[in-house]
Amino acid sequence: MSTGAAPVSDPSSPPVPPVPQEIPVVRVFFLSDSTGISAETMGNALLIQFPQLRFERRLIPFITTPEMARKVVATLDAVADGPDTAIAFTTAATDEIRSILATTRCPTIDFFDLHMRRVEEIFHEPAARIAAQLHGVGDIQRYNSRMAAIEYSIEHDDGQSLRALDRADVILIAPSRCGKTPTTMYLALQHGLFVANYPLVEEDLDRTDLPRPIRHLRDRCVGMLATPGRLSEVRQQRRPNSRYASLEQCTYELRQAQAMYAANRVPVINSTTKSVEEMSTLIVQTLSARTSKGNSS
């Protein structure tokens with residue numbers, strides 16, 4: 001029989017921890033009448049300033065007709081009317097497409113509109129506002145050089161090929177799963193750099209000398225590290241409960257790699273708290289500093 005009295009908690013029992021609040025989800029859209037690379041790059045540069053939020057991203061490229069633009073607006077409106085926060089970033093160049101996208105109820109950042117008017121004022125010339133011109137498609141030489149950089153970086157990913165390593169602008173070295181591959185591809189795609197990456201395995205980490213295939217290319221090497229906890233977490237996703245993913249193994253490999261970098265005066269980037277964009281910027285700055293130093297000596 002119930003007495004209606006409130007239950008009395010046992011003062012000797014540990015306090016019940018508060019239920020953690022779920023990280024808010026923000027629905028993010030990148031819109032473009034071309035590939036959408038510019039919208040993604042500039043939008044993500046802003047989003048990384050909000051690490052407390054969780055983003056669900058969607059790219060909608062090649063919005064080239066009014067009918068397609070109206071369908072996109074309908075999609076955005078449906079999300080904007082829902083429970084989640086939403087935002088759209090657009091780099092559509094043509095006035096017709098931009099004017100339709102501007103009718104959405106979803107908050108929108110129009111990078112083209114924000115900056116083009118100011119550029120027109122500086123040049124005292126109207127912009128052509130032509131779609132598919134944002135990435136220099138007409139510059140065949142630049143396009144071909146980017147494609148060559150991507151092909152080189154794919155061939156030289158994770159030490160798969162040692163051919164023509166002396167053509168590399170930079171060689172990323174690190175223990176497995178420290179972020180070499182995504183950084184390599186970003187540098188090739190966005191900066192046109194020939195990038196090789198070389199994994200440091202246990203036999204390399206037994207000594208402080210650089211591995212033989214890259215020993216003569218020390219001035220092109222950049223080392224990458226992570227915290228042991230983060231590296232173990234990433235490796236657990238690949239090989240759960242293995243020695244490879246253990247905290248002890250990760251700690252050992254990172255400690256040995258750090259000693260190797262120090263002995264060979266290799267610049268180091270820690271990937272734990274940095275985005276691919278941030279790491280790539282630091283690497284480009286390192287290369288520029290080396291070039292300036294070489295030219296002045």
| request: Look at I87 and say whether it is open to solvent by 30 Å² or more (accessible area, probe 1.4 Å), at pLDDT below 95 and under 19 Å from E277 (Cβ atoms). | output: no
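Conditions tested, residue by residue: (1) open to solvent by 70 Å² or more (accessible area, probe 1.4 Å); (2) basic (K, R); (3) under 20 Å from A149 (Cα atoms); (4) out of contact with any strand residue (DSSP E or B) (no Cβ under 6 Å at 6 or more places or on another chain).
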site: R207; (1), (2), (3), (4): yes, yes, no, yes
site: L210; (1), (2), (3), (4): no, no, no, yes
site: H216; (1), (2), (3), (4): yes, no, no, yes
site: P228; (1), (2), (3), (4): no, no, no, yes
site: Q237; (1), (2), (3), (4): yes, no, no, yes
site: S246; (1), (2), (3), (4): no, no, no, yes
site: A263; (1), (2), (3), (4): no, no, no, yes
site: T273; (1), (2), (3), (4): yes, no, no, yes
site: E277; (1), (2), (3), (4): no, no, yes, yes
| said: Can you pull out every residue in segment 244-297 that is among the small types (G, A, S), in a helix (DSSP H, G or I) and at pLDDT 90 or above? | reply: A257, A259, A262, A263, S280
| query | How many residues does segment 140-163 hold that are under 24 Å from T291 (Cβ atoms), touching a strand residue (DSSP E or B) at 6+ places or on another chain (Cβ under 9 Å) and not hydroxyl-bearing (S, T, Y)? | reply | 2
| So, in segment 96-116, of the ones that are within 16 Å of T64 (Cα to Cα) and open to solvent by 50 Å² or more (accessible area, probe 1.4 Å), which residue ends up modelled with the lowest pLDDT? | E96
| query | Here are some residues: L200, L282, L217, L287. Which one is more than 18 Å from G159 (Cβ to Cβ) and in contact (Cβ under 8 Å) with a residue 24 or more places away in the chain? | reply | L287
| task | Just need a number here: residues in segment 154-203 that are of a type in the set (D, E, K, R), part of a loop (DSSP other than H, G, I, E, B) and surrounded by fewer than 16 Cβ atoms within 10 Å (Cβ to Cβ). | result | 3
| message | So for segment 251-261 (the condition being among the charged types (D, E, K, R), out of contact with any Gly (no Cβ under 8 Å at 6 or more places or on another chain) and either under 30 Å from Q49 (Cβ atoms) or open to solvent by less than 10 Å² (accessible area, probe 1.4 Å) (or both)), does at least one residue qualify? | response | no
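The values are calculated or read from the model by the stated rules, or taken from the named source; none is laboratory data. These numbers were taken from a predicted model, which means no experiment stands behind them. Ideal geometry is used to build each Cβ from the backbone, glycine not excepted, and the neighbour counts take in all protein chains shown. When the accessible area is computed, the model is the full protein with side chains, heavy atoms only, and any ligands, DNA or RNA have been set aside. Shrake-Rupley method; radii C 1.70, N 1.55, O 1.52, S 1.80 Å.
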